[in-house]
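The values are calculated or read from the model by the stated rules, or taken from the named source; none is laboratory data. Bear in mind the structure is a predicted one, so any value in this text is a computation, not a measurement. All Cβ positions, even for glycine, are placed from backbone atoms using ideal geometry, and neighbour counts span all protein chains on display. We work out accessible area using only protein heavy atoms, side chains counted, and drop any ligands, DNA or RNA first. Shrake-Rupley method; radii C 1.70, N 1.55, O 1.52, S 1.80 Å.
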Amino acid sequence: MGKTDALEQKPDFREQEIGFIYAHRIKLIIAILVLVLAVGYLAFNAWDSAKVYYYTVSEIKEIGPTSEGQFVRVSGKLIDGTFERVENTTLASFILTDGTETVQAIHQGIIPDLFFNEHSEIILEGRYTQDKVFQSKNIIVKCPSKYVASSS
Amino acid sequence: MAKNISTFEIFWVFSSITLIASLGILFIWVPTDANLGISQKIFYLHVPSAILGMISIAIVAFLSILYLLNTEKKKWDDLAYSFSEVGMVFLTIALISGSLWSKPAWGVWWTWEPKLTLTLVLWFIYVAYLMMRSYMSGSGNEAKFGSVVALIGAIDAPLIYYATELWRSAHPGAVVGPNAESGALDERMFFGLIASFIALSFMFIYFVSNRYFLRSTETRMNFIVRKLN
Amino acid sequence: MEFLVAAYLIAWVIFFGYSFILSRKIKDLKNDIKELEIRIREDS
């Protein structure tokens, strides 16, 4: 440790090195290939969901109920005054809109602070069920794309 | 060893002064964001380090090509290596600070949206580049394979920048550069971003020059030892 | 607020850590150069 490679090399290091490279070349190629395939597979899967990161409310209505286990995202704005929390639970219900269509959604769990900001767009992750309700598992708040100074 | 002021020390002094100045500007003079509050200040760390991480891979690709055109000039290769290592450090900071900002702002640590996915891909490209170079070192092919990896990264970098335009994303649209909407960023915030960018750039140059000194000296030393043997 | 502090803190830790690693490597290299000089002198 701490030594530069060159100093630790024996006089015939060049030959040794070349021998080493040939002996391990196949192993190395296989290792790189496996790594590339694994990362490629992961990237492909991730990209599949990333390229259509979310549907609009109109689109999800057109697509209709999603099958069990299928995860989709829907984006829209919260309609003012539709947010209701079931007494003493973390269950909440609200309506999202994309300007033309609306969708009823329910969410179990914590609601991020910026959820209620009038400039925020909300992305829900979950399932669009048979009874036309979007069951949200995760909420992602898409922040306003402008940064403005607070007036205070 | 002779005691004289080296280039490193000058960059070190520059980056220290500008960093302290930028922190002062950011936390005293620049206003807090109306919607996101104090957590928006992560922006001044997140955006410059992401930009430096993205520019860096393009420089690596460019230097790799220069080297391949004339393999006598080992210095281009040494410089490319130095940029890749420092670029990865800055991209790592961009990813971590991004995650720490995404939690309070979006409500999640990570989500598979296009900009994030592509940035993670770029991070893996840096990992692949550095790993390949360390495994293949001495084989003579490391620079060639490295340049291919760097070129893929150089294609990825602009995709990251334009991701909000090309695909649906959770990221806000670009606030700086050619794709930015005018008025997307408060004037004082823009100034704060520039100040922070300058400071981090000095740090970046300081790291690269240090790394390059190390790498090129190693190269020269290996050459001497080889000759002696 | 804690996220802000954490983000800047981690960034600084990384910067100092990397800086430390670099300076240590440079120190090692300088020692190696000295050793090499001695060896060359002995050889000649």
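Taking every residue in the stretch C:30-43 that is β-branched (Val, Ile, Thr) and pairing it with any residue that is open to solvent by less than 100 Å² (accessible area, probe 1.4 Å), at least 6 positions away or on another chain, the pairs with Cβ-Cβ distances below 9 Å are C:Ile33/A:Thr4; C:Ile33/B:Thr217; C:Ile33/B:Met221; C:Ile40/B:Ile224; C:Ile40/B:Leu228. B:Ser97 falls short on exactly one of the conditions (1) away from chain A (no Cβ under 14 Å); (2) out of contact with any His (no Cβ under 6 Å at 6 or more places or on another chain), and that condition is (2). For the stretch B:90-119, the set of residues classified as closer than 19 Å to B:Phe197 by Cβ and open to solvent by less than 20 Å² (accessible area, probe 1.4 Å) consists of B:Phe90, B:Leu91, B:Ile93, B:Ala94, B:Ser97, B:Gly98, listed by residue number.
Would you confirm whether or not the stretch B:52-69 contains a residue that is polar (S, T, N, Q), part of a helix (DSSP H, G or I) and surrounded by 23 or more Cβ atoms within 10 Å (Cβ to Cβ)? There is at least one residue in the stretch B:52-69 that is polar (S, T, N, Q), part of a helix (DSSP H, G or I) and surrounded by 23 or more Cβ atoms within 10 Å (Cβ to Cβ).
Residues of the stretch B:27-37 include none that is out of contact with any helix residue (DSSP H, G or I) (no Cβ under 8 Å at 6 or more places or on another chain), closer than 29 Å to B:Leu214 by Cα and open to solvent by 30 Å² or more (accessible area, probe 1.4 Å). Which of the residues spanning the stretch B:184-208 are out of contact with any Asp or Glu (no Cβ under 9 Å at 6 or more places or on another chain), facing another protein chain (nearest Cβ under 10 Å) and either within 30 Å of B:Glu72 (Cβ to Cβ) or open to solvent by less than 60 Å² (accessible area, probe 1.4 Å) (or both)? The answer is B:Ala184, B:Leu185, B:Leu193, B:Leu200, B:Met203, B:Tyr206. Would you say B:Gly107 is of a type in the set (Gly, Ala, Ser), out of contact with any strand residue (DSSP E or B) (no Cβ under 8 Å at 6 or more places or on another chain) and at positive phi? Here the answer is no, as B:Gly107 does not meet what is asked.
A count restricted to the stretch B:167-210 and to residues that are over 30 Å from A:Tyr54 (Cβ atoms), out of contact with any Ser or Thr (no Cβ under 9 Å at 6 or more places or on another chain) and in contact (Cβ under 8 Å) with a residue 24 or more places away in the chain stands at 2.
Taking the stretch B:164-183, which residues are open to solvent by less than 20 Å² (accessible area, probe 1.4 Å) and among the hydrophobic types (A, V, I, L, M, F, W, C)? If the condition is that a residue be open to solvent by less than 20 Å² (accessible area, probe 1.4 Å) and among the hydrophobic types (A, V, I, L, M, F, W, C), then B:Ala170, B:Ala174 are the ones that fit. Counting only residues that are more than 19 Å from B:Arg226 (Cα to Cα) and facing chain B (nearest Cβ under 9 Å), the stretch C:18-44 holds 6 of them.
Looking at the stretch A:121-136, is at least one residue within 8 Å of chain B (Cβ to nearest Cβ) and either touching a Cys at 6+ places or on another chain (Cβ under 6 Å) or open to solvent by 20 Å² or more (accessible area, probe 1.4 Å) (or both)? No, the stretch A:121-136 contains no residue that is within 8 Å of chain B (Cβ to nearest Cβ) and either touching a Cys at 6+ places or on another chain (Cβ under 6 Å) or open to solvent by 20 Å² or more (accessible area, probe 1.4 Å) (or both). Residue selection: C:Leu36 satisfies the criterion of being more than 19 Å from B:Phe202 (Cα to Cα), modelled with pLDDT under 90 and open to solvent by less than 50 Å² (accessible area, probe 1.4 Å).
A:Glu84 meets each of the listed conditions (1) within 14 Å of another protein chain (Cβ to nearest Cβ); (2) free of Cβ contacts under 8 Å to residues at least 12 places away in the same chain; (3) not basic (Lys, Arg) apart from (1). Reported count of residues in the stretch A:123-148, each being at pLDDT 80 or above and out of contact with any Ser or Thr (no Cβ under 7 Å at 6 or more places or on another chain), is 12.
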